[in-house]
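J.: Mind having a look at this structure? Questions to follow.
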Amino acid sequence: MALSRQHELHKRRFGRNLGLGLVLAGFVALVFGMTIVKVTNEDFSVPSSQGAGN
C-alpha cells in the first residue's frame with residue numbers, strides 16, 4: 001500500500017485552490033497598484049486637520 005498515492009479528488013482540489021490563489025493574488029496586486037498610483041500622483045495631499053468647527 002503506497003502512502004504517497006493521491007486521490008483524484010485531491011488533484012481537483014489543488015487545481016481549484018491554485019486558481020483561486022492566482023485570482024486573489026491578482027486582486028491584491030491590482031489594489032496595491034492603484035494605491036501606489038494614487039499616492040505618487042502629483043496632486044496628492046494629506047487632508048488638513050482644520051475642520052469647519054475650528
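J.: Within the set of pairs 6+ apart or on separate chains, which have a first residue in segment 8-29 that is surrounded by 10 or more Cβ atoms within 10 Å (Cβ to Cβ), a second that is at pLDDT below 95 and not in a helix (DSSP H, G or I), and C-beta atoms under 8 Å apart?
T.: Taking only residues 6 or more apart or on different chains, not a single pair turns up.
J.: Specify which of the listed residues (N54, N41, N17) is over 20 Å from the mean Cα position of the chain (by Cα) and either assigned to a helix (DSSP H, G or I) or modelled with pLDDT under 75 (or both).
T.: Details: N41 fails: either assigned to a helix (DSSP H, G or I) or modelled with pLDDT under 75 (or both); N17 fails: over 20 Å from the mean Cα position of the chain (by Cα).
That would be N54, the only listed residue that is over 20 Å from the mean Cα position of the chain (by Cα) and either assigned to a helix (DSSP H, G or I) or modelled with pLDDT under 75 (or both).
J.: Is it the case that R5 is basic (K, R) and either at pLDDT below 85 or not in a helix (DSSP H, G or I) (or both)?
T.: Details: basic (K, R): yes; either at pLDDT below 85 or not in a helix (DSSP H, G or I) (or both): yes.
Answer is yes for this residue.
The values are calculated or read from the model by the stated rules, or taken from the named source; none is laboratory data. If you're wondering where the values come from, they're calculated on a predicted model, not measured in any experiment. As a convention, Cβ positions derive from the backbone with ideal geometry for all residues, glycine included, and neighbour counts pool all protein chains shown.
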